[in-house]
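The values are calculated or read from the model by the stated rules, or taken from the named source; none is laboratory data. Since the structure is predicted, the reported quantities are computational estimates derived from the model, not experimental observations. Note: ideal-geometry Cβ built from the backbone for every residue, glycine included; neighbour counts use all protein chains shown. To get the accessible areas, we keep the full protein, side chains included, count just its heavy atoms, and leave off ligands, DNA and RNA. Shrake-Rupley method; radii C 1.70, N 1.55, O 1.52, S 1.80 Å.
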Amino acid sequence: MKTTFLIMNGVILAVGNCGGPLIMRLYFIRGGERIWFSSWLETGGWPIILIPLIAAYIRRRRSTTAAADGAAKLILMKPRLFSAASVIGILTGLDDYLYAKGVAKLPISTAALLAATHLVFTAAFAFLLVKQKFTAYSVNAVVLLTVGTVVLGLHTSGDRPEGESEKEYVVGFIMALSAAALYGLILPVVELMYKKAKQALTYTLIMEIQLVICFFATLFCTVGMLINNDFQAISREAKEYELGEMKYYLVVIWSAIIWQLFFLGVVGVIFYSSSLLSGIIITVTIPITQILGVFIYNEKFQAEKGIALFLSLWGFISYFFGEITKNKNSNENNDQIRTTTETGRSSRQIIDS
């Protein structure tokens, strides 16, 4: 069941990570200009999580009818966990803004490759915070991804969208890279929060954590929207949207839904495995996002992107090969220990006889 749920959350994460940047880019290239509003949409769909939480509560309530008090807890999260999730939520809100700013100024393929660098930061912070163990293969993957990003940054002017100044492009590049670094910190912090929770973790509790994280991230972005007067501009922006007012709101709604899949997948994969695997899955979907961006939005795919993509794929293969090798060696060692134990037990039985 653990493997099944891990695969399910991995698929949810992959769908959210591919669809989120694409629909966000659609918002910007067709007339959307509100950075804070776009940031808000990344976590603004948090009420959707109330549906499975309510269903889980009803099921929990039915299962406790035979208990002494006959009552089920409405909220499983304790104050300690709530406080940690709220802080992570604020950091997530800041990361949402940095990412939205980067996507607004960069082609989706470039933004996607920059987002892939978060794996480098995830690996570093996972080592420092949760004592993640590394092999030569995982280190090789991190190095290859880093080199790929450097190659990508060597050619910026030819990649610039029409009508955008070099200064705006550089700002977008820095923002996207900063977002990757911050999210590389957030993932291990979430795993650390799980380890320090001091209460039994269930998937229902994980959904509560996601709800709190997204709520505070949305609250952070709401403050930015109020300062920037985004709420007053939404109706005007909808009327001037190139695809029409109705499709504007469809883009907005689906953006909130798809991004919610991303965050649900992230916390689920971390729960069933680790923050590093969550980062790996996010990075694995980058080539898919790139290809879709080139075909859907007719974006350029220059030699630098091809080289960076190749290095990224090489890094992915290196990581997965290392994991397979490590698991194989671990199984062989377990078999040897089991064989030795059984041999020793048989010898003692013969001696006793």
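Only Cα pairs under 8 Å and at least 6 apart count here; give the relative contact order of segment 1-322 as a rounded whole percent.
This gives 41 percent for segment 1-322.
How would you order 286-293, 95-102, 113-120 from highest to lowest mean count of nearby Cβ atoms within 10 Å?
Answer by packing, highest mean first, reads 113-120, 95-102, 286-293.
For segment 10-144, calculate the relative contact order in percent as a whole number, restricting contacts to Cα pairs under 8 Å that are 6 or more residues apart.
Relative contact order comes out at 32 percent.
Which links in K2/K326; K101/K300; K73/K196; K73/K131; K73/K198; K167/K300 stretch past 29 Å when you go from one Cα to the other?
K73/K131
Enter the accessible area of F127 (Å², nearest 10), with the probe set to 1.4 Å and all protein chains included.
My reading of the accessible area for F127 is about 120 Å².
Order the peptides 2-12, 236-246, 269-279 from the highest to the lowest mean number of other Cβ atoms within 10 Å of their residues.
Order by mean packing, descending: 269-279, 2-12, 236-246.
Leaving out ligands, DNA and RNA but keeping every protein chain, what accessible area does E166 have, in Å² rounded to the nearest 10, with a 1.4 Å probe?
100 Å²
Accessible surface of K196 in the full protein assembly, 1.4 angstrom probe, to the nearest 10 Å²?
120 Å²
So if we plug the beta-carbon distance of L219 and K239 into 1/(1 + (r/R0)^6) with R0 = 30 Å, what FRET efficiency do we get, rounded to 0.05?
0.60
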